[in-house]
Amino acid sequence: WYWQKEKREPYVKFMEANYPPGFSYEDFGPLFTAEFFDPNQWADILKASGAKYVVLTSKHHEGFTLWGSKYSWNWNAVDVGPKRDLVAELATSVRSRTDLHFGLYHSLFEWFNPLFLEDATNVFKTRKFPTSKSLPELYEIVTKYQPEIIWSDGNGNAPDTYWNSTGFLAWLYNDSPVRDTVVTNDRWGVGSVCTHGGFYTCSDRYNPGHLLPHKWENCMTIDKRSWGYRRNAQLDDYLTTEDLVKQLVETVSCGGNLLMNIGPTHDGRIAVVFEERLRQMGAWLQVNGEAIYGTKPWRAQNDTVTPEVWYTFSPKEGKVNAIFLNWPVSGTLELGEPQAKLGETQVKLIGYKELLKWVALGEKGMAIALPQLTPKQLPCQWGWTLQLTDIN
């Protein structure tokens, strides 16, 4: 898009410098080889990350499908490039080796598809593209792979009536093989984003920092600048594990889910830097998972006295979780929000055996004495959780 449509100078120059003259986008097809793609290894990394669901990009805006779609002749991973059904392989591995929910991303529109461009020229009064390409593909992936998440994207500035989104969704929720398990997002045509959908994805990298009345998702990237893999990325371009834990905690405390994107390589690998980030997230969740999984937003999302403290609520146990991202130099953590009850409230640091001592600060708030621990004794890195029981 930047290279061929917007003709942005850095992209045009990059192609001129690194590819032979006359090289077209289609010429990338055979270069996408996926020879190192090991779906079992991917599934193991995803499981180790602590994620509960995974969403594979089955087709992006350039129309290349990662399965042998009969509606994408000679422009799919079975006919060109890998010569493999990558969707089927990953679905099988994820389902046989993990308990993750398997989801698929699918782009409604395609940047340069002549049928779509013709419909757009006719101000979407004609519907050649959705009826012959986009909708048949959606029915195909649902019937074939039974994804539990359909992550729709790319409305092409067309209304939902052009896409017949309501028709497809009615089938999906009433008659499809996943009608009892499927969830969908909100990108089904102009005007539906952040308004209609099982969960909202109001914009890319959406992190409002306050509670929303509807379930939502923060869909963001470890590479600050890209959803794909960049060979020339610098270490500084990647979010650190501290950054990622902060994103997760802020998102969950405000009622959202985190969808953390990685871009694989043309030869089918998850780059080592991405694998490390995923495994570190998993290590953090191994300790602090009870403050994340199955939680609900509390009456306060973040603390009013100490910055970088975020709250979640565990309804089953009736516990308030205070996740703090900075260990105080004084060894005492002041919280402005919880109302403690003398003789009843208990405070525990997740991953540490003994109960912590605390004092009430007036009507609301408490000061908690953290244990004196060496770095080796800390239950985890990058953020810690206090569990408060019997709090007003």
| said: With a 1.4 Å probe and all protein chains kept in place, how much accessible area does residue 214 have, in Å² rounded to the nearest 10? | reply: 60 Å²
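Per residue, how much space in cubic angstrom lies within the convex hull of the C-alpha atoms of the range 221-359?
Values: hull volume 18.7 nm³, N = 139.
That works out to 134 Å³ per residue.
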| Segment residue 7-residue 203, extension gain: residue separation times 0.36 nm, minus the distance between their alpha carbons | 68.1 nm
| field | Sequence ranges 332-340, 198-206, 245-253, 154-162, ranked by mean other-Cβ count within 10 angstrom, highest first | value | 245-253, 332-340, 154-162, 198-206
| task | First compute the accessible area of the chain with a 1.4 Å probe, then give the percent of it belonging to carbon and sulfur atoms. | result | 53 percent
| task | Measure nothing but the geometry: give the 0 to 90° angle between the long axis through the Cα atoms of 165-174 and the longest principal axis through the Cα atoms of the chain, rounded to 10°. | result | 60 degrees
| said: Nearest 5 percent is fine: what portion of the DSSP beta bridges confined to the chain is antiparallel? | reply: 55 percent
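Write down the accessible area per residue of the range 1-144 in Å², having rolled a 1.4 Å probe over the full set of protein chains.
In whole numbers, the range 1-144 has 52 Å² accessible per residue.
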| Between residue 175 and residue 305, what is the label-to-label distance in nm when each label sits 7 Å out along the Cα-to-Cβ direction? | 6.0 nm
| said: Highest mean first, how do 230-242, 359-371 rank when packing is the count of other Cβ atoms within 10 Å averaged over residues? | reply: 359-371, 230-242
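Can you work out the accessible area per residue across the range 244-392, with the rest of the protein chains kept in place, probe 1.4 Å, in square angstrom? Spell out each step's value before the answer.
Numbers: 7080 Å² over 149 residues.
Normalised by residue count, the accessible surface of the range 244-392 is 48 Å².
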| task | Can you figure out the FRET efficiency of residue 83 with residue 348, using R₀ = 51 Å and their beta-carbon distance, to the nearest 0.05? | result | 0.40
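List, in the order given, every pair from 47/341; 13/246; 5/70; 52/364 whose Cα-Cα distance in the structure shown is over 30 Å.
Working: 47/341 40 Å; 13/246 37 Å; 5/70 27 Å; 52/364 36 Å.
Listed pairs above 30 Å: 47/341; 13/246; 52/364.
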| Which part of the range 66-84 falls in the paramagnetic zone of residue 117, meaning amide N under 11 Å from the point 7 Å along Cα-to-beta-carbon? | none
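Would you work out the charge dipole size for the range 261-392 about its Cα centre, treating the Cβ of every Lys and Arg as +1 and the Cβ of every Asp and Glu as -1, and quote it to the nearest 20 debye?
Working: 13 positive and 13 negative charges, 42 e Å.
Around 200 debye, computed over the range 261-392.
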| At residue 377 and residue 233, where each label point lies 7 Å from the Cα along Cα→Cβ, what is the point-to-point distance in nanometres? | 3.8 nm
| said: Taking 51 Å as R0, compute the FRET efficiency from the Cβ-Cβ separation of residue 326 and residue 190 and round it to 0.05. | reply: 0.75
| task | Return the tail of the calculated pair distribution for the range 158-230, meaning the percent of Cα-Cα pairs more than 19 Å apart. | result | 48 percent
| said: Taking C-beta distances below 4.7 angstrom as the pairing criterion, name the unpartnered cysteines of the chain, in sequence order. | reply: 219, 254, 380
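Once you charge only the Cβ atoms, +1 for Lys and Arg and -1 for Asp and Glu, what is the size of the charge dipole of the chain about its Cα centre, to the nearest 20 debye? Present the calculation step by step, with values, prior to reporting the outcome.
Working: 39 positive and 45 negative charges, 68 e Å.
Using Cβ point charges on Lys, Arg, Asp and Glu, the chain gives about 320 debye.
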| message | Please compute the contact order of the chain in relative form: average sequence separation of alpha-carbon pairs under 8 Å and at least six residues apart, divided by the residue count, as a percent. | response | 12 percent
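What is the Cα convex hull volume of the chain when expressed per residue in Å³? Kindly include the intermediate steps, with their values, before the conclusion.
Numbers: hull volume 63.1 nm³, N = 392.
Spelled out: Cα convex hull of the chain, divided by residues, is 161 Å³.
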| said: Using +1 at the C-beta of Lys and Arg and -1 at the C-beta of Asp and Glu, which of 74, 253, 239 has the Cα lying farthest in the positive direction of the dipole of the chain? | reply: 253
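The values are calculated or read from the model by the stated rules, or taken from the named source; none is laboratory data. As the structure is a prediction and not an experimental result, all values here were calculated from the model. Every residue, glycine among them, receives a Cβ derived from its backbone with ideal geometry; neighbour counts consider all protein chains shown. To get the accessible areas, we keep the full protein, side chains included, count just its heavy atoms, and leave off ligands, DNA and RNA. Shrake-Rupley method; radii C 1.70, N 1.55, O 1.52, S 1.80 Å.
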